[in-house]
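Okay, so here's the structure we're looking at.
Every number in this text was worked out from the coordinates using simple rules, so none of it is lab data. Quick caveat, the model's predicted, so the values are computed rather than measured. Please note: Cβ atoms are built from the backbone with ideal geometry, for glycine as well, and neighbour counts cover all protein chains shown.
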Amino acid sequence: MRFALIAPKAESAIYDGHLKKLFNMYTTTLPHLVPYIPKGIDFKVFSGRENNNIPLEEFDAIGISENTSAANNAHILAKRAQKIGIPVILGGTHATAMFEEEKKYGVVVRGGHGGPPLEMILNRLQKGLPLEEHYDAFTSPTKFRSPRRDVMKKRFAYEIAPVSTTVGCPWNCNYCSVKTLYGNTFFHYPIDEIIKDIKTVGKHFFFVDDNLSYDQIYAEELMKQLTPLNKKWAMQAVSSLGNKEQESFVDLAYDAGLRAVYFGLDGVTESSLKEAGAGHKRNPIQKTLDQIARIHDKGILIEIGFVVGYDHDTEETFDLIQNLIDKSVADSAIFHILTPYPGTALFNKLKKQNRITTFDWSKYNTGNLTFELAGMPKQVFMDRYNRLWEYNLSISRIWKTTRSSPNPIITLGKKLATKNYRRKILNQV
């Protein structure tokens with residue numbers, strides 16, 4: 001039996017074209033699914049390729065890991081496979097959230113623990129047994145299976161491997177899809193298994209966990225075991241990173257190879273954070289800027305991510321964000337439009353209020369406005385949003401932040417990639 005495991009290409013990506021040959025991070029999903037493909041099945045992995053470059057006719061079945069921004073391409077692939085009589089297995093965030101729509105394209109695996117159901121489905125296909133309409137994957141696997149990173153073909157000069165230490169999230173932000181996949185599940189993988197996995201990656205990797213330092217005891221022990229590996233890595237963080245109680249973690253993390261942090265500040269006002277259900281991210285703004293400066297002084301790159309589009313946001317919100325960036329030592333900033341991903345509380349609320357303006361999934365990439373705003377006219381909002389980008393991607397701003405960066409080459413590469421992403425987003429409008 002021949003099986004293709006596919007992560008379709010999204011219609012807009014930060015790294016693409018020539019930049020993709022230099023910088024990229026492959027999907028974490030496919031390497032985690034491959035260990036569940038039964039022995040005896042000849043398989044091939046396709047990640048981010050154009051749809052017409054995947055030779056579906058060479059396979060007996062295909063599996064598609066589907067996020068919302070790539071859903072249109074996933075549907076094209078599924079229709080091609082159905083036309084030539086190939087069974088289709090769909091999983092991932094979008095397939096889980098939009099089950100009633102997705103089931104017409106194939107068998108749906110609902111939930112984030114897709115490995116065990118995939119194994120079951122492929123075993124049944126091998127034996128010629130019929131399949132159910134869907135399989136649930138909300139229950140955690142009983143044993144960790146090391147991801148098969150060897151199946152991801154190296155195509156980039158500077159490749160960053162994604163590493164996950166946790167499943168699920170302890171928080172309940174209303175815009176986030178993690179709860180859609182995992183419900184209230186939240187647990188850590190064993191540290192020895194994480195270290196074993198990290199040993200298989202290259203020199204650079206990225207912890208994709210939403211909040212690596214949430215369990216500080218676990219995180220500090222992980223840092224101690226990571227230090228001898230001499231890797232360089234990045235992580236995501238909320239505004240509490242750098243608080244006095246987390247200083248020991250930051251010191252250990254730097255010694256273990258931490259060289260870049262993405263700070264997700266999301267809303268910049270109390271009302272926006274409350275609206276998002278992100279109360280755990282509350283921290284006085286000046287205190288956050290001071291923490292960022294201390295971390296940056298260690299030689300760690302800083303990128304700040306802002307979200308705009310909450311009901312309480314006004315033009316003054318954009319002024320506040322720009323002022324914060326000017327006062328900050330951050331090497332780069334990125335701006336996301338609040339996006340109601342299917343399955344989230346935000347999606348359900350806006351759909352009930354009849355405020356969602358498009359179901360073209362390619363536009364669900366945090367760069368397009370997909371719902372009616374409450375706080376300001378769309379044109380005013382988009383004008384202020386675009387001005388934020390224009391200022392922060394201006395030649396003078398790029399020159400200033402690159403010169404002061406702990407790693408000018410990486411900072412410049414990130415800026416150029418982001419300009420490329422903005423160009424593609426603007427072409428979608």
Pick from GLY299, GLY128, GLY367: which is most flexible by mean-square fluctuation in a GNM of the chain where alpha carbon atoms under 10 Å apart are linked?
-> GLY128
Sorted largest first, extent of the range 156-231 alpha carbons per principal axis (Å) = 37, 32, 16
In whole Å, largest first, the alpha carbons of the range 216-335 cover along the principal axes 49, 26, 21
Could you pull out every residue, at least 5 positions away or on a different chain, whose amide H is within less than 5 Å of the one on ASN365? Hs are placed 1.01 Å off N in the peptide plane, and Pro or chain starts have none.
-> none
Local electrostatic count at GLN236 - Lys and Arg +1, Asp and Glu -1, tallied over other residues with Cβ under 11 Å | -3
In debye to the nearest 20, the charge dipole size for the chain, taken about the Cα centre with +1 at each Lys and Arg Cβ and -1 at each Asp and Glu Cβ, equals 1200
Along the charge dipole of the range 157-428, Cβ charges K/R +1 and D/E -1, which of SER248, GLN322, ASN386 sits furthest on the positive end?
-> ASN386
Where the centre of each part is set by its Cα atoms, how far does the range 28-80 sit from the range 357-382, in angstrom?
-> 30
At q = 0.16, 0.18, 0.21 Å⁻¹, what log₁₀ I(q)/I(0) does a Debye calculation on the Cα points of the range 51-158 give, no solvent, two decimals?
-> -0.78, -0.98, -1.25
Which of the peptides 94-105, 353-364 is most tightly packed, and how do the rest follow, going by the mean number of other Cβ atoms within 10 Å of each residue?
-> 94-105, 353-364
Surpassing 21 Å at the alpha-carbon level, of the pairs LYS104/LYS349; LYS224/LYS298; LYS39/LYS127; LYS327/LYS363; LYS232/LYS419; LYS231/LYS400, are LYS104/LYS349; LYS327/LYS363; LYS232/LYS419; LYS231/LYS400
Which cysteines does the chain leave without a neighbouring Cys Cβ under 4.7 Å?
-> CYS169
Measuring from its Cα centre, the range 253-388 shows a charge dipole (+1 at each Lys and Arg Cβ, -1 at each Asp and Glu Cβ) which, in debye to the nearest 20, is 400
Over the range 157-428: Kirkwood hydrodynamic radius from C-alpha pairwise inverse distances, Å = 19.6
Provide GLU193, GLU132 in ascending order of the number of other Cβ atoms located within 10 Å of each residue's Cβ, fewest first.
-> GLU132, GLU193
So, relative contact order of the chain in percent, Cα under 8 Å, 6 or more apart, is 14
